[in-house]
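Engineer: Can you read through this structure? Questions will come right after.
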Amino acid sequence: MFDFLDLERYDLVGAFWVTVQLTVFSGIGALVWGTVLASMRVSPVPVMRAFGAAYVNVVRNTPLTLIIVFCSLGLHQTLGVALMGGRDFDTINFRLAILGLAAYTASFVCEAIRSGINTVPVGQAEAARALGLSFTQVLRLIVLPQAFRSVVAPLANVLIALTKNTTVAAAIGVGEAALLMKDMIENESDAVLLVFGTFALVFILLTLPTGLLLGRVGKRVAVKR
Amino acid sequence: MTSLLYDAPGPLARLRNVLYTVAFLALAAGVLWWVLAMMADKGQLEADKWLPFVEDSRVWTTYFLPGLVNTLKAAALAMVIALPLGAVLGVARLSDHAWVRGVAGTVVEFFRAIPVLLLMFFANTGYAMWTDIDREVRPLYAVVTGLVLYNASVLAEVVRAGILSLPHGQTDAAKAIGMRKSQVLAFVLLPQAVTAMLPAIVSQLVVIVKDTALGGVLLGFSELLRSAGLISANYGNTIPAYLVCAVLFVALNFLLTTVANRLESRLRRGKRSGGAVVGTERLEELDEAGPDRPVTKAGGGRVRGT
């Protein structure tokens with residue numbers, strides 16, 4: 001029954017390892033860039049606020065597929081951006097996919113953090129300002145730490161969406177799970193349902209614990225008010 | 001605008017803000033110049049790469065417009081099928097019978113946890129093997145199937161949240177005047193929940209429009225993004241073609257969001273003048289409170305008081 005699972009021929013573990021790597025690297029990138037964007041969106045400088053808002057609104061409304069395809073065809077093949085990947089096609093596409101995923105996910109991270117900033121009571125920032133803290137100090141020492149603790153669960157949802165979105169990297173030929181499934185489903189035509197079931201199961205195993213674990217962490221770390 | 005994070009700027013802060021503005025603009029201009037220089041270097045700024053979009057009508061009639069029509073067709077089909085399916089699943093998750101709840105819950109959680117691309121691949125191969133759907137329309141079927149399965153389960157959660165957000169008194173009152181369970185649902189709960197659900201439903205429509213692009217690149221469904229690929233192949237203008245395509249997508253999604261926001265505020269106004277209590281503000285405040293409209297404990301209390 002499990003003949004189709006020829007691990008010599010199909011590198012199932014390797015493909016899902018690529019999926020995990022894409023998730024982790026672009027997740028870190030999105031978290032950093034999303035935090036910067038959120039800080040811009042609440043900053044006292046109007047130009048930065050406008051840039052943050054424009055970035056989020058444009059990127060959220062653009063298909064991820066377009067962003068990733070553009071990273072490959074536009075940035076790499078036309079403009080010659082290689083992200084220090086040398087001449088190795090796989091490495092370059094892997095890095096371009098991370099760039100695209102991070103740029104896209106950052107807009108969702110930004111919105112999550114901004115909603116977290118809104119949950120911090122007014123008195124916190126007012127007290128901080130009364131002590132003479134500057135804007136960056138208010139944000140860095142008072143508001144963002146509390147905001148992060150309240151958005152663990154929403155960020156977990158963003159992370160789960162990111163895990164699923166890594167499959168889009170198949171569009172530029174990154175050898176991750178979806179591309180392998182496409183390959184297997186075409187070659188093992190008598191076990192289509194089993195192939196699909198296997199991949200579905202692994203994705204559930206990847207996303208479900210993330211949600212449960214981070215949901216629990218989120219409840220524990222949230223500031224009790 | 002009054003903000004919570006900084007005071008109204010005095011002379012010194014205003015000067016500092018000007019400095020930050022100048023520095024930020026300089027940085028942005030630097031990045032823009034770098035990008036433009038790179039594009040100019042590769043000949044992507046030449047007029048003949050951009051002129052087809054205004055001079056050559058075939059760019060629109062042969063590529064972009066048919067692509068846009070296909071994108072809209074797939075999105076509309078997916079939404080029209082997913083919405084009732086999602087409503088049924090969402091209601092089933094609130095059923096009094098444990099086995100109905102269990103089945104609906106499993107279906108919803110399963111399809112929500114799987115990337116929509118895997119569903120599309122599976123549907124595409126499945127249709128090829130087990131049905132005699134024509135090759136020509138198979139990608140459309142596969143895209144719509146994938147989108148329906150995924151979005152119906154997301155919408156099921158939206159419907160469930162919408163119904164749960166209603167005050168319990170609504171059900172009690174409906175039961176008190178002798179309505180059956182189905183009547184409570186059809187005449188009392190669902191009509192009110194729709195208002196609460198509208199923003200979520202429309203944001204899901206935007207997600208659907210964006211996800212149709214997957215079918216274009218990976219299944220050969222001739223939608224908007226694929227048409228950009230064809231243009232770039234024909235006119236040798238990769239960057240202009242994809243940029244225009246992105247503008248089209250963003251404009252389409254902005255339009256959807258705007259229409260929905262109008263509709264939502266109108267529906268809500270109508271409800272309020274009628275005196276009915278709808279738990280929409282809570283959902284809305286959780287979802288999209290802006291920086292100038294803080295969700296504080298006091299704010300939450302105010303809503304609950306309505």
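Engineer: Report the gain in length on full extension from A:Ala54 to A:Arg9: 0.36 nm times residue separation, minus Cα-Cα distance, nm rounded to one decimal.
Structural biologist: Result: 11.6 nm gained on full extension.
Engineer: Mind putting together the pair-distance distribution for the stretch A:12-221? All Cα pairs, 10 Å bins, whole percent per bin, short to long.
Structural biologist: Histogramming the stretch A:12-221 at 10 Å steps yields 8, 29, 30, 21, 9, 3, 0, 0 percent.
Engineer: Pop the C-beta distance of A:Met84 and B:Val18 into the FRET formula with R0 = 35 Å and round what comes out to the nearest 0.05.
Structural biologist: That pair, A:Met84 with B:Val18, gives E of 0.40.
Engineer: In nm, to one decimal, how far is the B:His168 label point from the B:Ser95 one, both placed 7 Å along Cα→Cβ?
Structural biologist: Distance between the two pseudo-spin positions: 2.4 nm.
Engineer: Among B:Thr61, A:Thr167, what is the fewest-to-most ranking by other Cβ atoms within 10 Å?
Structural biologist: In increasing order of surrounding Cβ atoms, one gets B:Thr61, A:Thr167.
Engineer: Distances over 21 Å make up what percent of all Cα-Cα pairs in the stretch A:36-144?
Structural biologist: That fraction is 51 percent.
Engineer: Roughly what would the spin-label model give for B:Ala47 and A:Gln77, points 7 Å off Cα along C-beta, in nm?
Structural biologist: Taking the two extended label points, one gets 2.9 nm.
Engineer: Moving on to the next point. If you average the C-alpha positions of the stretch A:53-89 and of the stretch B:141-177 separately, how far apart do those two centres end up, in angstrom?
Structural biologist: Here the answer is 36 Å between Cα centres.
Engineer: Please identify the longest segment of chain B free of exposed GluC sites (Glu not before Pro), where exposed means a DSSP state other than H, G, I, E or B and no more than 15 other Cβ atoms within 10 Å.
Structural biologist: B:137-306
Engineer: When only alpha-carbon atoms count, how far does chain B stretch along each of its three principal axes, as whole angstroms with the largest first?
Structural biologist: Extents along the principal axes: 74, 74, 32 Å.
Engineer: In the stretch B:152-270, if the dipole is taken from +1 on Lys/Arg beta carbons and -1 on Asp/Glu beta carbons about the Cα centre, which of B:Phe249, B:Val206, B:Leu219 is farthest to the positive end?
Structural biologist: Selected residue: B:Val206.
Engineer: Sticking with this one: If a helix is a whole DSSP H run, which ones in chain A reach 18 Å or further along their own axis (Cα) and hold a mean Kyte-Doolittle hydropathy of at least 0.5?
Structural biologist: Once both thresholds are applied, what remains is A:12-41, A:46-60, A:89-119, A:152-165, A:192-221.
Engineer: For B:Lys210, A:Lys224, B:Lys49, B:Lys181, which order do you get if you count the other beta carbons within 10 Å of each Cβ and list the fewest first?
Structural biologist: Result, fewest neighbours first: A:Lys224, B:Lys181, B:Lys49, B:Lys210.
Engineer: Take every Cα-Cα distance within the protein assembly as shown, group them into 10 Å bins from 0 onward, and report for each bin the whole-number percent of pairs it holds.
Structural biologist: Going from the shortest bin to the longest, the percentages are 3, 16, 26, 27, 18, 8, 2, 0.
Engineer: Along the Cα→Cβ direction, 7 angstrom out, place labels at B:Ala161 and A:Ser134. What is the inter-label distance in nm?
Structural biologist: Each label point is offset 7 Å from its Cα along the Cβ direction, giving 3.9 nm.
Every number here is computed from the coordinates shown, using simple stated rules; none is lab data. In this text, all values refer to a predicted model and were calculated from it rather than measured experimentally. Virtual Cβ from ideal backbone geometry, glycine too; neighbours counted across all protein chains shown.
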